[in-house]
Each structure stands twice: as C-alpha cells, then as structure tokens.
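Undergrad: I am attaching a structure below and will ask some questions about it afterwards.
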Amino acid sequence: MVLEATMICIDNSEWMRNGDYAPSRFQAQADAVNLICGAKTQSNPENTVGVLTMAGKGVRVLVTPTSDLGKILACMHGLEIGGEMNLAAGIQVAQLALKHRQNKKQQQRIIVFAGSPVMHDKKALEMIGKKLKKNSVALDIVNFGEDDGGKTEKLEALLAAVNNNDTSHIVHVPAGPNALSDVLISTPIFTGDGEGGSGFAASAAAAAAGGVSGFEFGVDPNLDPELALALRVSMEEERARQEAAAKQAAEEASKEEKGGEEQDATMTERASEGASEADNKKIEIADDDDTSLQQALAMSMDEPTSSQDLQDTEMSDAAAEDPELALALQLSVQDSTKDSSSQADVSKLLADQSFVSSILASLPGVDPNDPSVKEVLASMQNQSEPQQKQDEDKAPKKEEEK
Amino acid sequence: MSAAESATAIQRNQVDLLDFIDWSGVECLNQSSSHSLSNALKQGYREDEGLNLESDADEQLLIYIPFTQVIKLHSIAVMGSEEDGPKTVKLFANREHMGFSNVSDFPPSDTAVLSPDNLKGKPVVLKYVKFQNVRSLTIFIEDNQSGSEITKVQKIALYGSTVETTDMKGLKKIEDH
C-alpha cells in the first residue's frame, strides 16, 4: 500500500504494429497499461498514475498523474502508431512530470514499456539512471518486442544504475502464447515489491490465488490488524477442515468471484473502514453458511448503489459492510489454495464460544447479552439450516445498523 | 575583545537543536542506504566516528530537516574527514520539498565553506539575521574536500534557540470534572 505517483511511458512506435503478441504488440501493451493503472489505484486510493507516449512526433504527456482511472483509460483511446521511440527523452519527461506532482509525499515511479530497439548508448542510459536514483525515482522496465543490438544489455545497465534497494525491476517478456498482461501480473511490477498483489489483479486473473494470499498479508499491518488476525485464524482452521468442504466451496467460489469483481469497482471509491468494521465483517462471514453467501451477495449488491451517496455515516458504515463483506469473503475463500470454504474454519471458530463473545463484546452496536445475538450463537453451534442462519444473519445486521 | 565576548555570550544561550527536530519529516536525497542520515544526526550515532552519512550516486547531498517549533539558528557544526568531508554547504530556511534541480533557483540563506578546522568540530557561525524564524532547514552539500565521488559526513549539529511558540504536541485536553 505504498503511496506512489507513477508515470507510464508507452511505446507507440512503428514496431508496435507487429502481431507476435496477440492481437498486436500495441494492443497487448494497452491491456497491460490498463491493468497496471487499475492495480495502482486499487492498492492505495491516493495513488496517482500518468501516461505519456514516447514515439510519434515526440514525447507527449497524455495525462498528468491523477487518481481518476476513467481519465487514464479514456486517453488510451485513439492513440496512433508511428515514428521511433525516444527512450531517454521519455524518461526525462516522465521524471519532470513526477517532480510536479501535487502530493509531494508520494514516492516516484516510472514504468517504461520498451518494445522497439533502443538507439541510445549504454553510457547515456546509465547517466539517466544515476539521475533518477539521485532523485529517488524508481524505474520498472518491461522489455518486450524487438530484441537486437544489445537492447537487453542496455536496459539491464539502466536498471543497475537506477536500482536502489531493489525498488526497481526489469521484466523480459518473450513473444508467446501468454498475453503480455498475464505475464506481468505475477511480476513485482504488479505486486509492488513483494507487498502483495491487489484484489483487482487477483480478480482479473481468475486463478491468481497466489496474488491474493500476498494481498492478505500485505494488508495485515497497514489496514486492519483485527481483520488480519481474524483472517489468519480462519486460514489455520481451513487447513484443518479442507477435505470436507472442498467440493461445496468450488461451486461457490466461481460464483463469488464474479460478484467480487463488480464489488471491486465500487470499492475503489470507498474510504477505508475502521477496525470495528473489520470485526463486523468477520462475524458476518462467520454467520454465513456458504450456501447463504449467494443471498448475502445479492443483498449487498442491492445496497451499494444507495449507500455510495449517503451522507449519514452510520447508515453508510453499516451498508458499506456488505460490499466489504463480499470482497472479504472472496479473499478468504480464494485464500485456500484448494478452494476450500470459509465455512469450515467459521464453524470451528464459532464453536469457540468465548472467542465469539469476546469479539462481539468489542463491537460497538452489539450487546452479547442481546437475545437475538444469543439466538444466533446458539443456532451456529447447532449447525442449523442455511435459511435459518440467513434470517439470523439479517437480525444481527439490523442490530448493528441501529 | 568585546566582540568576541559578546559572541561567546550569544553562544552560551544556544542549545543543541536536536530535541526540536521533527523526525517524521526528515528526508535526505542521494544518501546511501547503508549509511543514512541518522548516522550523522542522531544522538549516539553521530558521536561514533565509524558511522557516517554517505552519498550515493554522486557527491551531492540534500538534507531536509523540519522542526517541531520555530527556532532561530545560530551556528552549525559539520564534522567529517579531511578528504571526503563536505566543502561547500548551502543552507535554505523554510523551503519545502527542494530537489537537486531547484537548488540554484533561489539564493541560499547562507553558504558555508568548511575548513579542516570546521571538519574537526568547530561550529560555523551563520548569518543570524537570516535564520530568525526557521520552521524547516534544507542543507545542500554541494561538493567535498577532495572532489571524490562520495561525500562522507560524520556529524551534523545545529545550535540555536527557540522562539516562544506553542508546541502543539504538548497541548493536552483539559479533563472535564
């Protein structure tokens, strides 16, 4: 969750017409750029991203660093291919754009897509690299497309000059069956120096379970220590009960991912929730059986449209739990590499009455001695029908909304 | 001499401004990651001759120090070795977020060229009138004594006095009875 301002340098030279990356090099590059923009803005709402093109008539800044994803995606339309890439000028203009960023607290990063041959000599590139390092700008290089005239060597030299404590990376993507974006998702360019991939990246690539588990532990100290603790406990419980719930979870997981993707889009505009919300989330996950997840998701998908505009914090907090719930559910389910459910860990968790009541006691709106809450707990331990649970789930939710 | 006496008299009222540095905002550009600014500024580290602040890509360093309250800066002591220690040091008062590209955009509040005496610990007295109302200090080390690639600074100490401003962190809520 590093606070970062990023400038993406796009190669729109003649070499990008080539079709060795499906559908064309330029299109593959554009897809990768879209993904990166999404991932950056997702990982921290205050991150800004800007885009410039390096070829054509000259280096042109399409959009200065902004956190408005729509603006960035819009500027990618109607780009023309032509000319030769000017790598040195591109990087220098990017550095200048970053220097004039509005929030000086952001770390500076440049991501360069180098698809065509590099005309500059190694010395010049090393000078540029040193200047970037001196001004503490990190550089990520995506080396794809043409590979000739010592291009790889030059780019490696550039990286060595810039690199400070492994904040800069280079990725070589050869032409092949895998799309450029897919290859990039697993690289540190996306995952942000090993902090963990964002939920956006994970949901975009359906099978990226590895990225999600990275996200969880990346969130731990920064966002919600209590949520992190709860998730960690659930992970441990999962491992104990994997076999039993594996089949059921596989079905649910595929449905949830779809719901989770749409939730991510609404999530980007939401402010971060407090620790008490994390507890609420965990309890609500606990209350749900997997088969009632669908109903919970359906409910939550109805609510966000109204909740987004709400000025009343109390209501918006309560309603906000639901899309958070969906995302948290999706995360905790995707956590288990074998697609086992959160139900398994959940039931074990709830079996521990003292743990549950201690968590409930810490929630602001919930009184553990409240009859409806006690009813829920009793029913959890009896492993009652999903329908009944869902009703009781609504009851504590309403309780918290009060 | 009366001038010398008054100079030392002023000196007596000056305190080491270490306690008034706002550590959360301290930044240093072009420092080497293993030899960072704390080695030169922090109590204990700066006394240790083995621990230096070193530059990374080239010999220049840009240090930004905000303070927790407004201070008057009287003098600065920069210690280093005779070969790799800093030579030209420019000080800018109350300029935020400077970069190497805009150090030449405006004149420094003061410039000090360090002699071997200074590098051994003798403080450089600054133009006191220029530093009457300092919220933050930017120190630009332009070059070093021998012109080598790396500048090494063993200690940076700031001497001055505080203006009687409220320390916002010291404000405590009055308990309601």
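The values are calculated or read from the model by the stated rules, or taken from the named source; none is laboratory data. Since this is a predicted model, take the numbers as computed values, not measurements. Neighbour counts run over all protein chains shown; Cβ positions are idealised from the backbone, glycine included. Quick note on the areas: whole protein, heavy atoms, side chains included, nothing else; ligands and nucleic acids left out. Shrake-Rupley method; radii C 1.70, N 1.55, O 1.52, S 1.80 Å.
Undergrad: Quick check on my filter: what residues within segment A:102-117 are open to solvent by 30 Å² or more (accessible area, probe 1.4 Å) and in a loop (DSSP other than H, G, I, E, B)?
TA: A:Q102, A:N103, A:K104, A:K105
Undergrad: May I ask you to say which residue of A:L98, A:L132, A:L139, A:L155 is away from every other protein chain (no Cβ under 14 Å), at negative phi, open to solvent by less than 30 Å² (accessible area, probe 1.4 Å) and outside any loop (DSSP other than H, G, I, E, B)? Give the derivation first.
TA: Numbers: A:L98 fails: away from every other protein chain (no Cβ under 14 Å); A:L132 fails: away from every other protein chain (no Cβ under 14 Å); A:L139 fails: away from every other protein chain (no Cβ under 14 Å).
Exactly one residue qualifies, and that residue is A:L155.
Undergrad: Name, by its number, the condition in (1) assigned to a helix (DSSP H, G or I); (2) open to solvent by 40 Å² or more (accessible area, probe 1.4 Å); (3) in contact (Cβ under 8 Å) with a residue 60 or more places away in the chain that does not hold for A:A160.
TA: (3)
Undergrad: Out of curiosity, is A:A28 more than 14 Å from chain B (Cβ to nearest Cβ), touching a Leu at 6+ places or on another chain (Cβ under 6 Å), open to solvent by less than 40 Å² (accessible area, probe 1.4 Å) and within 22 Å of A:A175 (Cα to Cα)? Quick ask: steps written out before the conclusion?
TA: Numbers: more than 14 Å from chain B (Cβ to nearest Cβ): yes; touching a Leu at 6+ places or on another chain (Cβ under 6 Å): yes; open to solvent by less than 40 Å² (accessible area, probe 1.4 Å): yes; within 22 Å of A:A175 (Cα to Cα): yes.
It is true that A:A28 is more than 14 Å from chain B (Cβ to nearest Cβ), touching a Leu at 6+ places or on another chain (Cβ under 6 Å), open to solvent by less than 40 Å² (accessible area, probe 1.4 Å) and within 22 Å of A:A175 (Cα to Cα).
Undergrad: Further question: For the list (1) touching a Ser or Thr at 6+ places or on another chain (Cβ under 6 Å); (2) within 14 Å of another protein chain (Cβ to nearest Cβ); (3) not polar (S, T, N, Q), I need the number of the one condition that B:V103 fails.
TA: Among (1) touching a Ser or Thr at 6+ places or on another chain (Cβ under 6 Å); (2) within 14 Å of another protein chain (Cβ to nearest Cβ); (3) not polar (S, T, N, Q), B:V103 violates only (1).
Undergrad: Could I ask something else about it? Quick check on segment B:51-76: of everything there that is within 14 Å of chain A (Cβ to nearest Cβ) and under 11 Å from the mean Cα position of the chain (by Cα), which residue is nearest to B:I156 (Cα to Cα)? Break it down stepwise before answering.
TA: Looking only at segment B:51-76, we keep the residues that are within 14 Å of chain A (Cβ to nearest Cβ), and these are B:54-64, B:66.
Filter once more, keeping what is under 11 Å from the mean Cα position of the chain (by Cα): B:62-64, B:66.
Working: B:L62: 13, B:I63: 11, B:Y64: 12, B:P66: 15 Å.
Per the criteria, the residue is B:I63.
Undergrad: Which residue is surrounded by the fewest Cβ atoms within 10 Å (Cβ to Cβ), if the candidates are limited to segment B:110-153 and must be within 13 Å of the chain's Cα centre (by Cα) and in a loop (DSSP other than H, G, I, E, B)? Spell out the reasoning first.
TA: Just the residues of segment B:110-153 that are within 13 Å of the chain's Cα centre (by Cα), to begin with: B:110-112, B:123-126, B:131, B:134-141, B:153.
Now restrict to residues that are in a loop (DSSP other than H, G, I, E, B): B:123, B:126.
Values: B:P123: 18, B:L126: 21.
Per the stated criteria, the residue is B:P123.
Undergrad: Looking at (1) in a strand (DSSP E or B); (2) more than 13 Å from every other protein chain (Cβ to nearest Cβ); (3) under 30 Å from A:A161 (Cα atoms); (4) touching a residue at least 60 places away in the same chain (Cβ under 8 Å), which one does B:K90 not meet, given that it meets all the others?
TA: Going through (1) in a strand (DSSP E or B); (2) more than 13 Å from every other protein chain (Cβ to nearest Cβ); (3) under 30 Å from A:A161 (Cα atoms); (4) touching a residue at least 60 places away in the same chain (Cβ under 8 Å) one by one, B:K90 breaks only (4).
Undergrad: Could you list, in sequence order, the residues of segment A:135-157 that are over 23 Å from A:S181 (Cα atoms) and among the aliphatic types (A, V, I, L, M)?
TA: A:V137, A:A157
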